[in-house]
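The values are calculated or read from the model by the stated rules, or taken from the named source; none is laboratory data. Everything numeric here is computed off the predicted structure, so don't read it as measured data. Glycine gets a Cβ as well: all are built from the backbone with ideal geometry, and neighbour counts include every protein chain shown.
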Ligand code: BGC
Ligand code: ZN
């Protein structure tokens with residue numbers, strides 16, 4: 001079967017022929033595993049870093065990594081002990097797999113998104129082949145069933161889980177305020193993670209604005225406008241302007257990976273605010289920020305800044321539920337997040353050419 005592989009040592013990315021996944025049917029493992037055909041795989045910034053050889057690690061014994069971690073698949077065969085899915089069902093697989101250390105309580109509890117050791121693997125990213133291929137096998141427990149109605153957009157579940165995990169933490173933090181607080185949120189960045197996060201925050205009752213660079217923004221501004229989320233351009237508005245326009249900011253969902261924008265915004269968040277970082281910036285060295293001003297504001301305003309990566313099983317459930325809500329409320333807007341679909345042979349075009357588009361998807365099987 002074909003697969004999109006990255007060879008870091010050779011600095012090469014190509015569509016290769018890879019053996020179909022296989023588990024002998026008389027093993028214990030075969031009972032709990034599920035074989036799927038991959039339908040859609042989304043492309044994100046992490047994939048672009050991997051194809052630039054800046055991130056990503058092949059599995060042991062391989063000189064290449066099959067990439068792809070945002071996926072939608074259809075179940076083909078199930079092991080004898082599998083009960084939550086059957087052939088024909090649609091599923092989205094999670095990305096991270098637990099580390100092998102029994103002392104890592106996070107991984108032992110199935111919360112490898114909080115792994116302590118760093119020895120977790122991630123499908124399509126770190127020491128585990130991904131989904132940009134025709135068939136995959138996975139354990140039942142990493143599968144999340146998706147309703148048929150979401151066939152066209154369910155590949156957006158994984159990027160939406162980033163916001164869902166952030167929201168889980170936001171609710172936990174908000175629990176420290178024993179009243180319904182003012183709920184104004186600013187999303188930094190109008191890429192897919194930002195747009196999906198803005199939608200989730202809106203559905204959860206926040207008054208949301210998106211603050212972003214406006215290059216290639218026409219489509220995004222229109223999409224957000226259609227669902228009542230104002231777009232504020234960073235070329236023409238400072239972080240201070242945003243705070244004035246939006247009103248006291250209770251929550252910031254950062255989805256740009258741009259430290260300068262983020263640290264400027266931190267200075268202008270409101271009392272008791274929470275600021276969530278999700279972007280992973282390249283390491284560009286020190287920059288100058290007024291640390292005293294930030295520290296002073298944070299203390300005097302009870303603010304909290306946190307980083308969040310990967311997602312819990314519950315975040316996948318919430319993402320699937322929210323995607324259904326988006327599809328009902330804003331059918332045009334959610335479909336418009338996927339701006340281009342490519343066949344597997346053209347995966348490299350999908351990875352390289354973003355153009356003005358929002359989310360490129362590789363449609364592997366119809
Ligand atoms: C993925 C996460 C992953 C992270 C770091 C993101 O693109 O969505 O699942 O944990 O990259 O590798
Ligand atoms: Zn761990």
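So the values come out like this:
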{"read-out": "Residue count for the range 328-339, restricted to those that are in contact (Cβ under 8 Å) with a residue 12 or more places away in the chain, assigned to a helix (DSSP H, G or I) and surrounded by fewer than 18 Cβ atoms within 10 Å (Cβ to Cβ)", "value": "3"}
{"read-out": "Test: residue in the range 311-333 that is closer than 26 Å to residue 4 by Cα, in contact with a helix residue (DSSP H, G or I) (Cβ under 7 Å, 6 or more places away or on another chain) and at pLDDT 95 or above", "value": "yes"}
{"read-out": "Given (1) more than 16 Å from residue 132 (Cα to Cα); (2) more than 21 Å from the chain's Cα centre (by Cα), index of the condition residue 19 fails", "value": "(1)"}
{"read-out": "Residue in the range 143-164 that is more than 16 Å from ligand 2 (Cβ to nearest atom) and more than 30 Å from residue 21 (Cα to Cα) present", "value": "yes"}
{"read-out": "Condition broken by residue 264, with the remaining ones in (1) in contact (Cβ under 8 Å) with a residue 60 or more places away in the chain; (2) under 21 Å from residue 213 (Cα atoms); (3) part of a helix (DSSP H, G or I) satisfied", "value": "(1)"}
{"read-out": "Wholly enclosed helices (runs of 4 or more DSSP H) of the range 127-229 bearing at least 1 residues modelled with pLDDT of 95 or more, touching a strand residue (DSSP E or B) at 6+ places or on another chain (Cβ under 8 Å) and within 15 Å of residue 41 (Cα to Cα)", "value": "157-174, 192-203"}
{"read-out": "Inter-residue pairs, beta-carbon under 8 Å, first farther than 22 Å from residue 262 by Cβ and in contact (Cβ under 8 Å) with a residue 12 or more places away in the chain and in the range 306-325, second outside any helix (DSSP H, G or I) and within 16 Å of ligand 2 (Cβ to nearest atom), 6+ apart", "value": "312/111; 313/94; 313/110; 316/94; 319/311"}
{"read-out": "Selected residue (only one of 239, 198, 233 is crowded, with 17+ Cβ neighbours inside 10 Å and over 17 Å from residue 164 (Cα atoms))", "value": "239"}
{"read-out": "Residues that are assigned to a loop (DSSP other than H, G, I, E, B) and out of contact with any helix residue (DSSP H, G or I) (no Cβ under 9 Å at 6 or more places or on another chain), drawn from the range 230-254", "value": "235, 236, 247, 248"}
{"read-out": "Positions within the range 289-312 being within 16 Å of ligand 1 (Cβ to nearest atom) and farther than 23 Å from residue 176 by Cα, in sequence order", "value": "310"}
